[in-house]
Amino acid sequence: QRPKDQYPPQQCIAIQGNWETYHVQKWEKKGHWKKRATAKLERSPAFRNNLPTSEQTILATAEVQSYLSVYQDALEKLRPLAEKVAGIKGFSKKHIKHKHPIIVMVANFGQIKFFLNFLCGARARKLKTSKILLFATDQDTYDLAQAMGITAFYDDRVFASIPSGAAIDYHDLNYGKIMMSKVYCAHLVSQLGYDFLFQDVDLVWHQDPLEYFGEKEGFDMYFQHDGWHHPEKFAPLAANTGFYMVRHNRRTEHFFSVLARMADLVYKDKSHQAALTTLANEHITSRGLRVKILSADSKKFQTGYHYHTDRKLMEKTKMGNYPSYLFHANWLEGKFKKPVMEMTGNWYTSESCIGRNASVLLASKTNIFSDCCLAKPVDVDLYDLSALDENPEERKKDAMNSTNADAKDDTAPRKLIALQHRRRGSKE
């Protein structure tokens, strides 16, 4: 509960003459709440004015300078790979690129189990992965991608600062650095003039998502909806930056060119989602950028948010009775992603391949897919909360609660949220 002098803020929209702007600005009266009738009207401080520190700016400046110093070389190195994946090698007409979109993914070795699971899931459902261009941020990931027949790009100069280990949690420093790799790969592909679908590795296809976008026109960028409960820094779009489609044009090319120089905001928030949202709001207003959030079709593009809040949808999807395109394991701590993907019928990787180092995986006597991929997903009961807790006694208690109560009502998602918040100290 906020004190009365802070909540609720008495805000208004001021219309002023000779104030040429494309923005609607918030204003509020400052001072003690009892004296606001005579208080001075001042511009309201917005969350996005939470500026980077000097140290973050220095770090970000060095990061961006390092990237831009090798940008042109990286672009030329990437060009033939993009042509190969798009299937337009030898063609010179620029408009052809719009008809051959690229699926862009980025991973380090700490995320390799999720990338492998994505490929195993696609194979099990007989979905083609030839359109994928993986940006590997370390040599081991690049070697594994090559062994699995995936076109991959790796340049240690571009990804020099990107750690090879997985982030411990959303918003740790490694997470922020990994987010910059996502910005760089989107920037490079955009500069080459391609339409592209960017997606995280912690998701599984149920259908080919490119079929959904097809010849859809009218918008420059399409984002997966990030759920109805989100912080102000992601407002008003609620755009999930782990799955989005981009149509190449001057607006989107400029957008990613600017975003690639915003490492200070990415490091400040240890995520590129808030920085991208801030920039999108600006470009929608003043640059004519056309952005579509897939809120109406959000159930076709499922996330951890749906797992938390829509049990019936999860049950129908797991049984194959809902035409979803994918499940994206966001809204989950890193250690909860795999268990939840198992519960929802989205884990296709053998346990024997989890945690192996690259040399062991590459030394497979047959091939990685034969050793590691399952024909059917791991079968774990939906909302088996016992799988999420490392404490045996607490695990037993949660399992009993789930058995006794969840069969009668629809509260399992809320119990999962409570369990995660208890373990995490309530992130948001």
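The values are calculated or read from the model by the stated rules, or taken from the named source; none is laboratory data. Note that the structure is a prediction, hence the values are computed from the model and not measured. Cβ: placed from backbone, ideal geometry, glycine included. Neighbour counts: every protein chain shown. To get the accessible areas, we keep the full protein, side chains included, count just its heavy atoms, and leave off ligands, DNA and RNA. Shrake-Rupley method; radii C 1.70, N 1.55, O 1.52, S 1.80 Å.
For (1) modelled with pLDDT of 95 or more; (2) of a type in the set (F, W, Y); (3) under 24 Å from the mean Cα position of the chain (by Cα), each residue gets a yes or a no:
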{"site": "T38", "(1), (2), (3)": "no, no, no"}
{"site": "R43", "(1), (2), (3)": "no, no, no"}
{"site": "N50", "(1), (2), (3)": "no, no, yes"}
{"site": "L59", "(1), (2), (3)": "no, no, yes"}
{"site": "V64", "(1), (2), (3)": "no, no, yes"}
{"site": "L75", "(1), (2), (3)": "yes, no, yes"}
{"site": "G87", "(1), (2), (3)": "no, no, no"}
{"site": "H98", "(1), (2), (3)": "no, no, yes"}
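If you take the residues of the range 107-118 that are of a type in the set (A, V, I, L, M, F, W, C) and within 10 Å of L203 (Cα to Cα), which of them is most open to solvent (accessible area, probe 1.4 Å)? Spell out how you get there, then give the answer.
Within the range 107-118, the first condition is being of a type in the set (A, V, I, L, M, F, W, C), and the residues that meet it are 107, 109, 112, 114-116, 118.
From what is left, the residues that are within 10 Å of L203 (Cα to Cα) are 114-115, 118.
Details: F114: 21, F115: 1, F118: 0 Å².
Checked the range 107-118; the qualifying residue most open to solvent (accessible area, probe 1.4 Å) is F114.
State yes or no: is K316 more than 26 Å from Y212 (Cα to Cα) and free of Cβ contacts under 8 Å to residues at least 40 places away in the same chain? Give the derivation first.
Details: more than 26 Å from Y212 (Cα to Cα): no; free of Cβ contacts under 8 Å to residues at least 40 places away in the same chain: yes.
No: the conditions fail for K316.
I'd like the full set of residues that are farther than 25 Å from V158 by Cβ, open to solvent by 40 Å² or more (accessible area, probe 1.4 Å) and either part of a loop (DSSP other than H, G, I, E, B) or in contact with a strand residue (DSSP E or B) (Cβ under 8 Å, 6 or more places away or on another chain) (or both), limited to the range 219-263.
F219, W228, H229, H230, P236
All but one of (1) at pLDDT below 95; (2) more than 15 Å from the chain's Cα centre (by Cα); (3) in a loop (DSSP other than H, G, I, E, B) hold for N281; which doesn't?
(3)
Can you find, within the range 130-151, the residue that is surrounded by the fewest Cβ atoms within 10 Å (Cβ to Cβ) among those that are touching a residue at least 40 places away in the same chain (Cβ under 8 Å) and not in a helix (DSSP H, G or I)?
Selected residue: S130.
How about the range 119-129: which of its residues are part of a helix (DSSP H, G or I) and open to solvent by 10 Å² or more (accessible area, probe 1.4 Å)? Steps first, answer last, please.
Quick first cut of the range 119-129, residues part of a helix (DSSP H, G or I) only: 119-124.
Answer for the range 119-129, where residues must be part of a helix (DSSP H, G or I) and open to solvent by 10 Å² or more (accessible area, probe 1.4 Å): R123, A124.
Suppose we filter S324, S426, S352, S364 for residues that are part of a loop (DSSP other than H, G, I, E, B), modelled with pLDDT of 90 or more and of a type outside the set (A, V, I, L, M, F, W, C); which single one remains?
Details: S426 fails: modelled with pLDDT of 90 or more; S352 fails: part of a loop (DSSP other than H, G, I, E, B); S364 fails: modelled with pLDDT of 90 or more.
Exactly one of S324, S426, S352, S364 is part of a loop (DSSP other than H, G, I, E, B), modelled with pLDDT of 90 or more and of a type outside the set (A, V, I, L, M, F, W, C), namely S324.
Results for (1) surrounded by fewer than 19 Cβ atoms within 10 Å (Cβ to Cβ); (2) among the aromatic types (F, W, Y); (3) at pLDDT 95 or above, shown as yes or no for each residue.
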site	(1), (2), (3)
H306	no, no, no
D310	yes, no, no
G320	yes, no, no
K335	yes, no, no
G345	no, no, yes
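Return only the number of the condition from (1) open to solvent by 40 Å² or more (accessible area, probe 1.4 Å); (2) closer than 17 Å to N117 by Cα; (3) under 19 Å from the mean Cα position of the chain (by Cα) that R356 does not satisfy.
That leaves (3) as the condition not met.
I'd like the residue in the range 202-218 that is assigned to a loop (DSSP other than H, G, I, E, B), in contact with a strand residue (DSSP E or B) (Cβ under 9 Å, 6 or more places away or on another chain) and not polar (S, T, N, Q) and, out of all such residues, is surrounded by the most Cβ atoms within 10 Å (Cβ to Cβ).
Here the answer is D202.
For the range 264-273, what are the residues that are open to solvent by 10 Å² or more (accessible area, probe 1.4 Å), out of contact with any Ser or Thr (no Cβ under 9 Å at 6 or more places or on another chain) and in a helix (DSSP H, G or I)?
Within the range 264-273, just D269 meets the criteria.
Residue-by-condition table, conditions (1) over 19 Å from A329 (Cβ atoms); (2) of a type in the set (V, I, T):
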| residue | (1), (2) |
| --- | --- |
| K113 | no, no |
| N117 | no, no |
| T129 | no, yes |
| L134 | no, no |
| T137 | yes, yes |
| G149 | yes, no |
